[in-house]
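Enquirer: Take a look at this one; I'll ask things after.
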Amino acid sequence: MILFQQYLRIYLLKGFSTFFLIFAFALSLRAQQLVDVSQLVKRNGAKVRVEGELVDITWLTGRNGNGRLVLDLNKGMPLFKSIGLGSKAEFKEIAAGLDPAFILTVGKRTLDPKSGGWDVFFDRVPQKPYKSHLVNFHKRSASVSSSGAHTVIRIPGMQAASFRGELEITLYNGSPLFNVAAVMVTEADSTAILYDAGLVSKTQAWQNISWSDVKDVLQTTKVVHETDAVNQEVKYRTIIGQGRGGSLALFLPPHQYFYPLDEAFNLKFTWWGQGYGGLMPGYGIGIRQDPIGGRRYVPWFNAPPNTRQRLNFFCLLDLGSPAKALEEVKRFTHGDSYVPLHGYKTMASHFHNEFTMDVVLKGVPVPEKPEFKTVFEKAGVNIVHLGEFHGPGHPKGPDEERLKELHALHEQCAQLSDGYFLLLPGEEPNNFYGGHWLSFFPRPVNWIMSRKPDMPFVSDHPKYGKVYRIGDKEEMLRLLELENGLAWTAHARTKASTGYPDAYKGEPFFQSETFMGAAWKAIPADLSLPTLSKRVLNLMDDMANWGLRKHVIAEK
């Protein structure tokens with residue numbers, strides 16, 4: 001009997017061990033199926049641990065620190081179970097229970113070849129039917145891979161209207177920064193889009209919300225979870241949530257998030273509060289777009305068929321206060337200003353300030369230092385090339401009106417220039433050559449954009465001195481040669497320069513050294529492209545292939 005009991009005990013133990021091994025193997029297989037880490041390179045510093053439906057990821061953040069994301073793949077649970085920062089031994093939780101959320105607004109692009117096709121600017125998308133959709137997210141599995149010094153987490157299962165895609169979280173080795181993107185694709189043609197995005201929670205995740213106002217003063221509001229969402233005007237494009245363990249600064253992709261508009265306004269590009277847009281599920285912080293923009297031409301973003309549109313935002317973690325987190329954000333964005341380069345000056349062109357007509361010649365008090373000069377100086381711009389009289393003014397005469405306006409322009413540029421800031425007179429003549437183009441002279445030049453047959457090409461004026469009168473493209477070229485001037489195509493191949501400079505590439509004026517080339521402008525906007533303004537990059541290639549040494553200058 002005793003021998004039988006011993007055999008039975010051994011048999012049961014073997015059976016239990018076999019069952020345990022099978023069960024452990026099944027769990028391991030389930031984890032491998034749930035999270036694919038086969039493309040993760042361990043030497044970049046990121047580590048991944050999978051426990052059931054939880055994916056625990058740490059990465060190096062510099063200064064001997066580590067960041068930590070705990071992702072929950074359970075359906076119905078917030079994706080970001082925990083977001084923390086600290087050391088290998090101890091992490092402080094900055095936020096918990098957050099979901100990434102996106103609103104995709106889909107409209108119709110006008111693809112008229114005469115307006116530039118996908119390079120179109122003259123489009124009014126919000127005047128046509130459009131609809132906003134909350135991007136649905138059905139998480140089921142994930143992959144973690146390495147891309148250079150980056151660690152990329154991909155979670156499929158995103159859908160809105162005709163768009164399908166995946167969530168992509170990019171961790172930057174050596175930095176407490178990460179990027180969150182809904183990477184979406186549509187097969188529909190002629191599509192224009194906008195997106196709003198952020199981090200939302202059904203429970204209270206933050207103690208305070210902070211931002212810098214436009215006067216560069218940090219503002220803070222205590223979180224009341226039921227507060228309706230507010231569209232917030234900010235400086236530095238950043239909204240900050242503060243928790244018990246630190247701060248999370250959420251900011252929009254610099255430059256890329258701004259679709260082209262005729263004029264520059266602060267359109268309240270961030271938000272905070274409950275139920276944003278009537279679609280966001282819970283209280284959150286995030287970034288936003290104004291669908292009607294500047295209420296003139298509002299082209300939104302291109303979304304050509306089968307392109308991977310990255311609807312993304314950045315998050316930066318800091319164990320300190322919102323003020324400290326904002327200072328760290330400004331290190332990435334250079335405080336929204338140009339960084340000085342030793343031995344160089346920073347120049348920008350094509351500004352229709354119309355200060356001459358709207359202020360100087362209007363009989364109102366002229367400020368000693370206009371606001372626009374302060375704005376340029378704070379942005380780190382040393383040289384500004386104007387495009388005055390683009391609408392107002394009398395470029396074709398009468399002669400006395402035109403000369404008075406030019407004199408006022410030249411005088412103001414001299415008065416507002418100093419040892420650190422140079423204001424250059426300039427115009428967008430849009431005569432003689434075709435399309436739109438900019439003119440530049442190294443000294444004040446008086447010229448009138450018309451000449452009757454009985455009038456001389458050049459004459460002397462008793463008050464203003466030498467005056468040129470231009471009647472055609474040959475005389476325009478002659479003026480530029482005589483005065484060492486330059487010309488270039490404004491916003492080439494789009495807006496009113498659609499078809500240019502291609503249409504006049506064989507003309508003597510374009511092939512001359514007086515025609516510098518073209519200007520760089522971020523039109524169109526396309527969130528699938530890794531660079532801004534592919535239109536201009538293509539033009540640069542084409543001008544080189546035409547056998548001409550041309551250049552491109554930055555314009556607003």
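The values are calculated or read from the model by the stated rules, or taken from the named source; none is laboratory data. Everything numeric in this text was worked out from a predicted model, so none of it was measured. Note: ideal-geometry Cβ built from the backbone for every residue, glycine included; neighbour counts use all protein chains shown. For the accessible areas, the whole protein counts, side chains as well, though only heavy atoms, and no ligand, DNA or RNA atoms are used. Shrake-Rupley method; radii C 1.70, N 1.55, O 1.52, S 1.80 Å.
Enquirer: Identify, by number, the condition in (1) more than 29 Å from PRO299 (Cα to Cα); (2) open to solvent by 50 Å² or more (accessible area, probe 1.4 Å); (3) out of contact with any Lys or Arg (no Cβ under 7 Å at 6 or more places or on another chain) that HIS255 doesn't meet.
Expert: (1)
Enquirer: Taking region 122-160, which residues are part of a strand (DSSP E or B) and touching a Gly at 6+ places or on another chain (Cβ under 7 Å)? Give the steps one after another, and end with the answer.
Expert: Step one: of region 122-160, the residues part of a strand (DSSP E or B) are 124, 131-134, 136-137, 142-147, 150-160.
Passing the criteria: SER132, PHE137, MET158.
Enquirer: Does region 73-97 hold any residues that are under 15 Å from VAL200 (Cα atoms) and open to solvent by less than 10 Å² (accessible area, probe 1.4 Å), and which are they? Outline the logic, then answer.
Expert: Here is the first cut: in region 73-97, the residues under 15 Å from VAL200 (Cα atoms) are 76-83, 94-97.
The answer is LEU79, PHE80, ILE83, ILE94, ALA95.
Enquirer: Which residue is modelled with the lowest pLDDT, if the candidates are limited to region 146-163 and must be open to solvent by 20 Å² or more (accessible area, probe 1.4 Å) and among the polar types (S, T, N, Q)?
Expert: First pass over region 146-163, keeping only residues open to solvent by 20 Å² or more (accessible area, probe 1.4 Å): 146-150, 154, 156, 159, 161-162.
Now restrict to residues that are among the polar types (S, T, N, Q): 146-147, 159, 162.
Working: SER146: 96, SER147: 93, GLN159: 98, SER162: 97.
Checking each candidate, the answer is SER147.
Enquirer: Could you run through region 508-556 and say how many residues are open to solvent by 40 Å² or more (accessible area, probe 1.4 Å) and at positive phi?
Expert: Final tally of qualifying residues: 1.
Enquirer: Look through ASP290, ASP262 and report the one residue that is of a type outside the set (A, V, I, L, M, F, W, C), modelled with pLDDT of 95 or more and part of a loop (DSSP other than H, G, I, E, B).
Expert: Numbers: ASP262 fails: modelled with pLDDT of 95 or more.
Going through ASP290, ASP262 in turn, just one is of a type outside the set (A, V, I, L, M, F, W, C), modelled with pLDDT of 95 or more and part of a loop (DSSP other than H, G, I, E, B): ASP290.
Enquirer: Still on this structure: Among (1) open to solvent by less than 60 Å² (accessible area, probe 1.4 Å); (2) within 24 Å of ASP526 (Cα to Cα), which single condition is LEU317 missing?
Expert: (2)
Enquirer: I need the full set of residues from region 381-415 which are open to solvent by 10 Å² or more (accessible area, probe 1.4 Å) and over 30 Å from PRO501 (Cβ atoms), in order please.
Expert: Correct list: PRO398, ASP399, GLU400, GLU401, LYS404, HIS407, GLU411, GLN412, ALA414, GLN415.
Enquirer: Taking ARG310 as meeting all but one of (1) open to solvent by 10 Å² or more (accessible area, probe 1.4 Å); (2) outside any loop (DSSP other than H, G, I, E, B); (3) farther than 14 Å from LEU527 by Cβ, write down the number of the exception.
Expert: (3)
Enquirer: Which residues, counting only those in region 264-282, are open to solvent by 30 Å² or more (accessible area, probe 1.4 Å) and either under 16 Å from THR105 (Cα atoms) or hydroxyl-bearing (Ser, Thr, Tyr) (or both)?
Expert: Residues satisfying the conditions are GLY277, GLY278, LEU279.
Enquirer: Any residue in region 444-452 that is open to solvent by 40 Å² or more (accessible area, probe 1.4 Å) and aliphatic (A, V, I, L, M)?
Expert: Within region 444-452, none of the residues are open to solvent by 40 Å² or more (accessible area, probe 1.4 Å) and aliphatic (A, V, I, L, M).
Enquirer: Of the conditions (1) at pLDDT 95 or above; (2) among the aliphatic types (A, V, I, L, M); (3) within 17 Å of LYS556 (Cα to Cα), VAL375 satisfies every one except a single condition; which number is it?
Expert: Among (1) at pLDDT 95 or above; (2) among the aliphatic types (A, V, I, L, M); (3) within 17 Å of LYS556 (Cα to Cα), the lone unmet condition for VAL375 is (1).
Enquirer: Considering each of GLY506, GLY499, GLY485 in turn, give the residue that is under 14 Å from SER439 (Cα atoms), out of contact with any Lys or Arg (no Cβ under 6 Å at 6 or more places or on another chain) and not hydrophobic (A, V, I, L, M, F, W, C). Before the answer, list the steps.
Expert: Numbers: GLY506 fails: under 14 Å from SER439 (Cα atoms); GLY499 fails: under 14 Å from SER439 (Cα atoms).
Exactly one of GLY506, GLY499, GLY485 is under 14 Å from SER439 (Cα atoms), out of contact with any Lys or Arg (no Cβ under 6 Å at 6 or more places or on another chain) and not hydrophobic (A, V, I, L, M, F, W, C), namely GLY485.
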